[in-house]
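Just below is one structure, and these are the notes that go with it.
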(Lines give C-alpha, C1' and ligand atoms only; values in the text may rest on other atoms or scores of the structure.)
Protein backbone atom coordinates (compact mmCIF):
# COMPACT_ATOMS: atom_id res chain seq x y z
CA UNK A 1 0.00 0.00 0.00
CA UNK A 2 1.21 3.49 -0.92
CA UNK A 3 -0.69 6.52 0.34
CA UNK A 4 -1.70 8.84 3.17
CA UNK A 5 -4.07 8.09 6.05
CA UNK A 6 -5.32 10.88 8.32
CA UNK A 7 -5.71 9.55 11.87
CA UNK A 8 -7.57 11.23 14.74
CA UNK A 9 -5.07 10.41 17.48
CA UNK A 10 -6.64 9.50 20.84
CA UNK A 11 -5.46 10.93 24.14
CA UNK A 12 -3.04 8.98 26.30
CA UNK A 13 -0.75 7.40 23.69
CA UNK A 14 2.29 8.63 21.79
CA UNK A 15 2.45 9.31 18.07
CA UNK A 16 4.96 6.47 17.81
CA UNK A 17 2.46 4.07 19.37
CA UNK A 18 -0.11 5.10 16.75
CA UNK A 19 2.42 4.37 13.99
CA UNK A 20 3.19 0.96 15.54
CA UNK A 21 -0.52 0.05 15.71
CA UNK A 22 -1.03 1.04 12.06
CA UNK A 23 2.06 -0.93 11.01
CA UNK A 24 0.51 -4.04 12.57
CA UNK A 25 -2.91 -3.41 11.05
CA UNK A 26 -1.46 -2.91 7.56
CA UNK A 27 1.25 -5.56 7.98
CA UNK A 28 4.00 -3.18 6.91
CA UNK A 29 7.03 -1.53 8.49
CA UNK A 30 6.97 1.45 6.16
CA UNK A 31 4.79 4.00 7.99
CA UNK A 32 5.84 7.48 9.15
CA UNK A 33 4.03 10.44 10.69
CA UNK A 34 4.41 14.11 9.78
CA UNK A 35 4.48 15.83 13.17
CA UNK A 36 4.50 14.54 16.74
CA UNK A 37 1.53 15.01 19.05
CA UNK A 38 2.12 14.75 22.81
CA UNK A 39 0.25 11.98 24.67
CA UNK A 40 -2.12 14.61 26.13
CA UNK A 41 -3.02 15.82 22.63
CA UNK A 42 -5.60 14.50 20.17
CA UNK A 43 -6.46 15.18 16.56
CA UNK A 44 -4.86 15.14 13.13
CA UNK A 45 -1.89 12.81 12.77
CA UNK A 46 -0.99 12.38 9.10
CA UNK A 47 0.50 8.97 8.33
CA UNK A 48 2.47 8.22 5.16
CA UNK A 49 2.55 4.59 4.03
CA UNK A 50 4.88 2.84 1.57
CA UNK A 51 6.25 5.12 -1.15
CA UNK A 52 4.36 8.02 0.42
CA UNK A 53 6.91 8.05 3.28
CA UNK A 54 8.99 10.11 0.84
CA UNK A 55 6.50 12.92 1.51
CA UNK A 56 7.07 13.02 5.28
CA UNK A 57 9.55 15.89 5.11
CA UNK A 58 7.37 17.89 2.71
CA UNK A 59 4.13 17.43 4.67
CA UNK A 60 5.80 18.08 8.04
CA UNK A 61 6.55 21.64 6.88
CA UNK A 62 2.83 22.45 6.47
CA UNK A 63 1.14 24.91 8.84
CA UNK A 64 -0.86 23.40 11.69
CA UNK A 65 -4.07 24.54 13.41
CA UNK A 66 -4.82 23.76 17.05
CA UNK A 67 -7.46 24.37 19.68
CA UNK A 68 -5.74 24.68 23.07
CA UNK A 69 -7.22 24.85 26.56
CA UNK A 70 -5.28 26.49 29.39
CA UNK A 71 -5.84 25.74 33.09
CA UNK A 72 -4.96 28.81 35.15
CA UNK A 73 -3.47 28.96 38.64
CA UNK A 74 -0.96 26.13 38.45
CA UNK A 75 2.47 25.57 36.91
CA UNK A 76 4.02 22.16 36.18
CA UNK A 77 7.46 20.95 35.12
CA UNK A 78 6.12 19.72 31.75
CA UNK A 79 3.95 22.82 31.07
CA UNK A 80 0.83 20.63 30.87
CA UNK A 81 -1.50 18.89 33.33
CA UNK A 82 0.40 15.60 32.95
CA UNK A 83 3.35 17.06 34.86
CA UNK A 84 4.23 17.60 38.51
CA UNK A 85 2.83 20.79 40.04
CA UNK A 86 5.63 23.15 41.07
CA UNK A 87 3.58 26.27 41.82
CA UNK A 88 0.03 27.32 42.67
CA UNK A 89 -1.32 30.86 42.66
CA UNK A 90 -4.72 32.58 42.56
CA UNK A 91 -5.37 34.16 39.18
CA UNK A 92 -7.61 37.08 38.29
CA UNK A 93 -7.51 37.56 34.53
CA UNK A 94 -9.16 40.30 32.49
CA UNK A 95 -10.69 39.07 29.21
CA UNK A 96 -9.83 42.19 27.20
CA UNK A 97 -6.22 42.02 28.34
CA UNK A 98 -6.08 38.36 27.32
CA UNK A 99 -7.39 39.15 23.82
CA UNK A 100 -4.81 41.93 23.41
CA UNK A 101 -1.96 39.69 24.55
CA UNK A 102 -3.04 36.85 22.25
CA UNK A 103 -3.11 39.24 19.29
CA UNK A 104 0.36 40.54 20.20
CA UNK A 105 1.81 37.11 19.36
CA UNK A 106 0.81 37.25 15.69
CA UNK A 107 4.01 37.23 13.66
CA UNK A 108 7.40 35.62 14.25
CA UNK A 109 9.23 35.20 17.54
CA UNK A 110 12.11 33.22 19.00
CA UNK A 111 10.50 30.43 21.03
CA UNK A 112 12.25 28.37 23.70
CA UNK A 113 11.41 24.68 23.30
CA UNK A 114 10.06 22.83 26.38
CA UNK A 115 12.62 21.06 28.56
CA UNK A 116 10.31 18.04 28.42
CA UNK A 117 10.61 17.45 24.68
CA UNK A 118 12.46 15.14 22.28
CA UNK A 119 14.63 17.93 20.85
CA UNK A 120 18.26 16.81 21.01
CA UNK A 121 21.18 18.74 22.52
CA UNK A 122 24.63 17.13 22.17
CA UNK A 123 23.02 13.86 21.12
CA UNK A 124 20.67 13.61 24.11
CA UNK A 125 16.96 14.41 24.23
CA UNK A 126 16.01 17.35 26.42
CA UNK A 127 13.67 15.28 28.57
CA UNK A 128 16.63 13.03 29.46
CA UNK A 129 18.42 16.07 30.92
CA UNK A 130 15.24 17.06 32.78
CA UNK A 131 14.70 13.61 34.30
CA UNK A 132 18.35 13.38 35.34
CA UNK A 133 18.13 16.94 36.76
CA UNK A 134 21.15 17.98 34.68
CA UNK A 135 21.69 21.53 33.47
CA UNK A 136 21.44 22.17 29.74
CA UNK A 137 21.15 25.20 27.49
CA UNK A 138 17.63 25.03 26.08
CA UNK A 139 17.54 25.89 22.37
CA UNK A 140 15.24 28.44 20.78
CA UNK A 141 13.53 28.33 17.40
CA UNK A 142 12.13 31.07 15.21
CA UNK A 143 8.42 30.27 14.80
CA UNK A 144 5.43 32.08 13.31
CA UNK A 145 1.99 32.54 14.81
CA UNK A 146 -0.22 33.13 11.78
CA UNK A 147 -3.66 33.35 13.40
CA UNK A 148 -4.85 33.30 17.01
CA UNK A 149 -8.34 33.77 18.46
CA UNK A 150 -9.90 33.44 21.91
CA UNK A 151 -12.90 31.07 21.73
CA UNK A 152 -13.76 30.47 25.42
CA UNK A 153 -13.04 32.27 28.70
CA UNK A 154 -13.78 31.28 32.29
CA UNK A 155 -12.69 31.99 35.87
CA UNK A 156 -9.92 29.40 35.84
CA UNK A 157 -9.35 28.63 32.16
CA UNK A 158 -9.30 29.97 28.61
CA UNK A 159 -9.39 28.31 25.21
CA UNK A 160 -8.00 29.59 21.92
CA UNK A 161 -7.58 28.55 18.29
CA UNK A 162 -4.20 29.10 16.66
CA UNK A 163 -2.48 28.49 13.31
CA UNK A 164 1.29 28.08 13.52
CA UNK A 165 4.36 27.25 11.46
CA UNK A 166 6.37 24.06 11.64
CA UNK A 167 8.28 23.56 14.90
CA UNK A 168 5.97 25.61 17.13
CA UNK A 169 5.35 24.16 20.59
CA UNK A 170 1.90 25.07 21.90
CA UNK A 171 3.01 24.37 25.50
CA UNK A 172 5.76 26.97 25.09
CA UNK A 173 3.38 29.42 23.42
CA UNK A 174 1.01 29.09 26.38
CA UNK A 175 3.89 29.67 28.81
CA UNK A 176 4.94 32.80 26.90
CA UNK A 177 1.35 34.11 26.75
CA UNK A 178 0.95 33.63 30.51
CA UNK A 179 4.28 35.31 31.28
CA UNK A 180 3.12 38.34 29.29
CA UNK A 181 -0.20 38.27 31.17
CA UNK A 182 1.55 38.01 34.53
CA UNK A 183 -0.26 34.78 35.46
CA UNK A 184 0.57 31.08 35.66
CA UNK A 185 -1.17 28.27 33.82
CA UNK A 186 -0.59 25.10 31.81
CA UNK A 187 -2.02 23.32 28.81
CA UNK A 188 -4.88 21.05 29.88
CA UNK A 189 -6.08 19.97 26.44
CA UNK A 190 -4.86 20.21 22.86
CA UNK A 191 -6.57 19.24 19.62
CA UNK A 192 -4.81 19.49 16.26
CA UNK A 193 -7.67 20.36 13.95
CA UNK A 194 -5.74 20.85 10.70
CA UNK A 195 -2.38 20.20 9.10
CA UNK A 196 -2.01 21.70 5.67
CA UNK A 197 -4.98 20.45 3.64
CA UNK A 198 -5.78 17.66 6.12
CA UNK A 199 -8.68 18.25 8.53
CA UNK A 200 -9.96 16.45 11.61
CA UNK A 201 -13.33 16.34 9.83
CA UNK A 202 -11.86 13.86 7.35
CA UNK A 203 -9.84 11.76 9.77
CA UNK A 204 -10.23 8.20 11.06
CA UNK A 205 -9.91 6.69 14.51
CA UNK A 206 -7.83 3.61 15.22
CA UNK A 207 -11.12 1.79 15.77
CA UNK A 208 -12.16 2.78 12.23
CA UNK A 209 -8.95 1.22 10.96
CA UNK A 210 -9.46 -1.95 12.98
CA UNK A 211 -12.91 -2.25 11.39
CA UNK A 212 -11.48 -1.55 7.92
CA UNK A 213 -13.55 1.66 7.75
CA UNK A 214 -11.09 4.22 6.42
CA UNK A 215 -9.84 5.84 3.24
CA UNK A 216 -6.31 5.98 1.84
CA UNK A 217 -5.39 9.10 -0.12
CA UNK A 218 -3.09 8.44 -3.05
CA UNK A 219 0.13 10.38 -3.57
CA UNK A 220 -1.56 12.00 -6.57
CA UNK A 221 -4.59 13.00 -4.44
CA UNK A 222 -2.29 14.81 -2.02
CA UNK A 223 -0.01 16.49 -4.56
CA UNK A 224 -2.40 17.27 -7.42
CA UNK A 225 -2.72 20.93 -6.42
CA UNK A 226 1.01 21.40 -5.71
CA UNK A 227 2.26 23.15 -8.86
CA UNK A 228 1.72 20.11 -11.07
CA UNK A 229 2.79 19.64 -14.68
CA UNK A 230 1.53 16.86 -16.97
CA UNK A 231 4.51 15.64 -18.95
CA UNK A 232 5.06 14.12 -22.40
CA UNK A 233 6.50 10.70 -23.19
CA UNK A 234 9.85 12.30 -24.03
CA UNK A 235 10.10 14.18 -20.74
CA UNK A 236 8.86 11.12 -18.85
CA UNK A 237 11.92 9.16 -20.02
CA UNK A 238 14.24 11.90 -18.69
CA UNK A 239 12.41 12.19 -15.37
CA UNK A 240 12.25 8.40 -14.95
CA UNK A 241 16.03 8.27 -15.24
CA UNK A 242 16.55 11.16 -12.80
CA UNK A 243 18.02 13.51 -15.39
CA UNK A 244 18.45 17.25 -14.87
CA UNK A 245 15.89 19.22 -16.87
CA UNK A 246 15.50 22.84 -17.90
CA UNK A 247 13.48 24.96 -15.49
CA UNK A 248 10.83 26.23 -17.89
CA UNK A 249 8.28 26.57 -15.09
CA UNK A 250 9.68 29.58 -13.18
CA UNK A 251 9.33 27.76 -9.88
CA UNK A 252 11.56 26.36 -7.15
CA UNK A 253 9.67 23.06 -7.04
CA UNK A 254 7.39 21.21 -9.45
CA UNK A 255 5.38 17.97 -9.34
CA UNK A 256 5.38 15.88 -12.52
CA UNK A 257 2.33 13.81 -13.50
CA UNK A 258 2.31 11.08 -16.14
CA UNK A 259 -0.71 8.92 -17.00
CA UNK A 260 -2.70 10.53 -14.14
CA UNK A 261 -0.09 9.57 -11.51
CA UNK A 262 2.56 11.59 -9.70
CA UNK A 263 5.93 10.23 -10.73
CA UNK A 264 8.36 12.75 -9.23
CA UNK A 265 8.94 16.04 -7.46
CA UNK A 266 11.80 18.14 -8.86
CA UNK A 267 13.41 21.20 -7.27
CA UNK A 268 15.95 23.90 -8.19
CA UNK A 269 19.46 22.58 -8.84
CA UNK A 270 21.76 24.55 -6.51
CA UNK A 271 24.71 24.51 -8.92
CA UNK A 272 22.67 25.81 -11.86
CA UNK A 273 19.43 27.70 -11.12
CA UNK A 274 18.28 27.23 -14.71
CA UNK A 275 17.96 23.49 -14.05
CA UNK A 276 15.72 21.27 -11.92
CA UNK A 277 16.93 18.11 -10.20
CA UNK A 278 15.08 15.11 -8.68
CA UNK A 279 13.85 15.69 -5.11
CA UNK A 280 11.42 12.80 -4.55
CA UNK A 281 10.87 9.90 -6.96
CA UNK A 282 7.74 7.72 -6.95
CA UNK A 283 8.57 5.33 -9.80
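The values are calculated or read from the model by the stated rules, or taken from the named source; none is laboratory data. The model shown is predicted, which means the values in this text are computed figures rather than measured ones. Methodologically, a virtual Cβ is constructed for each residue, glycine included, from the backbone with ideal geometry; neighbour enumeration extends over all protein chains shown.
Could you run through the range 79-97 and say how many residues are surrounded by 20 or more Cβ atoms within 10 Å (Cβ to Cβ) and either at negative phi or without any contact (Cβ under 8 Å) to a residue 24 or more places away in the chain (or both)?
Summing the residues that are surrounded by 20 or more Cβ atoms within 10 Å (Cβ to Cβ) and either at negative phi or without any contact (Cβ under 8 Å) to a residue 24 or more places away in the chain (or both) in the range 79-97 gives 2.
Condition check: without any contact (Cβ under 8 Å) to a residue 40 or more places away in the chain, more than 12 Å from the chain's Cα centre (by Cα) and surrounded by fewer than 17 Cβ atoms within 10 Å (Cβ to Cβ). Does residue 17 satisfy that? Break it down stepwise before answering.
On the way: without any contact (Cβ under 8 Å) to a residue 40 or more places away in the chain: yes; more than 12 Å from the chain's Cα centre (by Cα): yes; surrounded by fewer than 17 Cβ atoms within 10 Å (Cβ to Cβ): yes.
When the stated conditions are applied, residue 17 passes them.
Tally up the residues in the range 178-207 that are under 22 Å from residue 7 (Cβ atoms) and without any contact (Cβ under 8 Å) to a residue 12 or more places away in the chain, please.
2
Output yes when any residue across the range 236-255 is crowded, with 16+ Cβ neighbours inside 10 Å and either closer than 25 Å to residue 65 by Cα or within 28 Å of the chain's Cα centre (by Cα) (or both), and no when none is.
yes
For the structure I just gave you, tell me whether residue 166 is within 29 Å of residue 271 (Cα to Cα), touching a residue at least 60 places away in the same chain (Cβ under 8 Å) and either buried (at least 18 other Cβ atoms within 10 Å of the Cβ) or touching a strand residue (DSSP E or B) at 6+ places or on another chain (Cβ under 9 Å) (or both). Before the answer, list the steps.
Details: within 29 Å of residue 271 (Cα to Cα): yes; touching a residue at least 60 places away in the same chain (Cβ under 8 Å): yes; either buried (at least 18 other Cβ atoms within 10 Å of the Cβ) or touching a strand residue (DSSP E or B) at 6+ places or on another chain (Cβ under 9 Å) (or both): yes.
Yes; evaluated as a whole, the condition is true for this residue.
Just checking, which of 133, 159, 71 is at positive phi and not assigned by TED's automatic domain parsing to the domain that holds residue 36?
133
Within the range 20-61, track down each residue that is under 14 Å from residue 216 (Cα atoms) and touching a residue at least 40 places away in the same chain (Cβ under 8 Å).
Residues satisfying the conditions are 22, 25, 45, 46, 47, 48, 49, 50, 51, 52.
Only residues that are part of a loop (DSSP other than H, G, I, E, B) and surrounded by 14 or more Cβ atoms within 10 Å (Cβ to Cβ): list them for the range 256-282, please. Steps first, answer last, please.
From the range 256-282, those part of a loop (DSSP other than H, G, I, E, B) are 259-260, 270-271, 282; that's our starting set.
The one that is part of a loop (DSSP other than H, G, I, E, B) and surrounded by 14 or more Cβ atoms within 10 Å (Cβ to Cβ): 282.
Okay, residues lined up against (1) in contact (Cβ under 8 Å) with a residue 12 or more places away in the chain; (2) in the same structural domain as residue 33 (by TED's automatic domain parsing):
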residue	(1), (2)
209	yes, yes
213	no, yes
232	no, no
236	yes, no
239	yes, no
244	yes, no
250	no, no
